[in-house]
Structures are given as structure tokens and as C-alpha cells.
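The values are calculated or read from the model by the stated rules, or taken from the named source; none is laboratory data. All of these numbers come straight from a predicted model, not from anything done at the bench. FYI the Cβ positions are ideal-geometry reconstructions off the backbone, even for glycines, and counts take in every protein chain you see.
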Amino acid sequence: MTNPKTLVVYYSRTGHTEAVAHEIARQTAADIEPIDAGAFAKGGLWYFRAAWAAWRGRDVSIAPHVHAPRNYDLVVIAGPVWMGRPCPPVRAYLRDHAADLPAVAFALTHGGGDVTPVIKTLGAAAGKAPVAQLTCSEGERKSGAEAEKIARFVDTLAPPNKTAA
Ligand SMILES: Cc1cc2nc3c(=O)[nH]c(=O)nc-3n(C[C@H](O)[C@H](O)[C@H](O)COP(=O)(O)O)c2cc1C
């Protein structure tokens, strides 16, 4: 079995998702690309503006992609949970690319609590259920449990669309 050709795309405001995304990319030998939302969620009172935008489901602009998702077998989409929702830049990526996506997997970072609804929202926006999902809380990051979860997640990224003859 060959490994799927994988792209990891991520948005990270404070670095947690960025670290998770890079570790996934390292372990899967994937290409990796940040979602560039420009000035969104930067500057004074950014937390409140970000929270408000997430809560309202606000549309944001993101820069054009570098790597075309259609050139991959699998796209891992990673981002933080904001206000019990996907953050707006990740929603924007799915808005712009849902039609071009191969198999998808989701990697969410969060402060704690139940993020199942966020996975469902992302699946609906992508138009397909994920082949795998990873959630990493701030507590798991601090305790070291995150590394084990990432390794298990990577193990579940079986080649999509390849069944035994
Ligand atoms: C505006 C905002 C809203 C957040 N809302 C939630 C939330 O509803 N639930 C939660 O578990 N964590 C929440 N968090 C915490 C982040 O999801 C968590 O710290 C995440 O790991 C940050 O990822 P990043 O460092 O890649 O930006 C929120 C953080 C921000 C900035």
C-alpha cells in the first residue's frame, strides 16, 4: 500500500494548530500550507473581533492557495475552535475549495470541552465526512498527551479510494 499524497492546510492564530499541523506534515511527508487571512484577527482587540466573527459565522477573505487540493489524495484541514465553531479562515478555505477536495481529514485544536459539533459543521462545509479526525486540547498539549494522539491520527490516514481487488 502506498501512502496517500497529502496536503496539510491550517490556520493558526497563536501557534497551537501550527505546531500540530507541522507535526502531521512531518509524519506523513505532506506538503503544508497556511491559510492566509491577511489582517483578519490581528491588531488591537483581536480576540473580541475574532470571537464575534466566529460567533456570527462571518465570511472572511483568504489569499489564493499555493497548492491545488485536486493534486492530492488527501487534504488535512487544521484550525482552532472559536466560540464552539470552526474559525472563519478555515470556513473560508472550505467555501473556496469544497468542490476541489479529495478525501479530507480534520485536525482541531481547542481549549477543552466537546468539539463534536465543530467536526459536523466542517464535514457539512466540505460536502463529505472526514476519513479521520484529530482533536487536541490545550491541556493535552501541556500534558504531552497530544503527541500520542497525533501519532494515532496519522496511523488512521489509510489510503483513500483504494480497496482490495
Ligand atoms: C476568539 C477565540 C475563541 C475561542 N473559543 C473557543 C471555544 O469555543 N472552545 C474552545 O475549546 N476553545 C476556544 N478557544 C481556544 C482555542 O481554540 C485554542 O486555544 C486553540 O488551540 C488555539 O489555536 P491556535 O494557537 O492555533 O490559534 C478560542 C480561542 C479564541 C482566540
Query raised in the report: Within region 12-19, can one find any residue that is of a type in the set (S, T, N, Q), assigned to a loop (DSSP other than H, G, I, E, B) and within 8 Å of the ligand (Cβ to nearest atom)?
Result: yes
Report task. Within region 55-80, track down each residue that is within 22 Å of Leu157 (Cα to Cα) and either in a strand (DSSP E or B) or of a type in the set (Gly, Ala, Ser) (or both). Result -> Ala68, Leu74, Val75, Val76, Ile77, Ala78, Gly79, Pro80
Query raised in the report: So how many residues does region 20-41 have that are within 12 Å of the ligand (Cβ to nearest atom) and either hydrophobic (A, V, I, L, M, F, W, C) or out of contact with any Phe, Trp or Tyr (no Cβ under 8 Å at 6 or more places or on another chain) (or both)?
Result: 7
Query raised in the report: Which one of these does Gly113 not meet: (1) part of a helix (DSSP H, G or I); (2) within 16 Å of the ligand (Cβ to nearest atom); (3) out of contact with any strand residue (DSSP E or B) (no Cβ under 7 Å at 6 or more places or on another chain); (4) of a type outside the set (D, E, K, R)?
Result: (1)
Requested in this report: Name the single residue, out of those in region 86-110 being of a type outside the set (Ser, Thr, Tyr), within 15 Å of the ligand (Cβ to nearest atom) and outside any strand (DSSP E or B), that is surrounded by the fewest Cβ atoms within 10 Å (Cβ to Cβ).
Outcome: Arg91
Requested in this report: For region 120-137, enumerate the residues that are farther than 25 Å from Ala29 by Cβ and surrounded by 15 or more Cβ atoms within 10 Å (Cβ to Cβ).
Outcome: Thr121, Gly123, Ala125, Ser137
Query raised in the report: Quick check: anything in region 38-54 in contact with a Ser or Thr (Cβ under 6 Å, 6 or more places away or on another chain), modelled with pLDDT of 95 or more and either under 17 Å from Leu122 (Cα atoms) or outside any loop (DSSP other than H, G, I, E, B) (or both)?
Result: no
Requested in this report: Considering (1) without any contact (Cβ under 8 Å) to a residue 60 or more places away in the chain; (2) within 14 Å of the ligand (Cβ to nearest atom), say which one Asp59 fails and leave the rest.
Outcome: (2)
Query raised in the report: Out of all the residues in region 1-59, which are charged (D, E, K, R) and within 17 Å of Arg95 (Cβ to Cβ)?
Result: Glu33, Asp36, Arg56, Arg58, Asp59
Query - region 1-11, subset surrounded by fewer than 20 Cβ atoms within 10 Å (Cβ to Cβ) and under 16 Å from Ala132 (Cβ atoms), residue farthest from the ligand (Cβ to nearest atom) - result: Met1
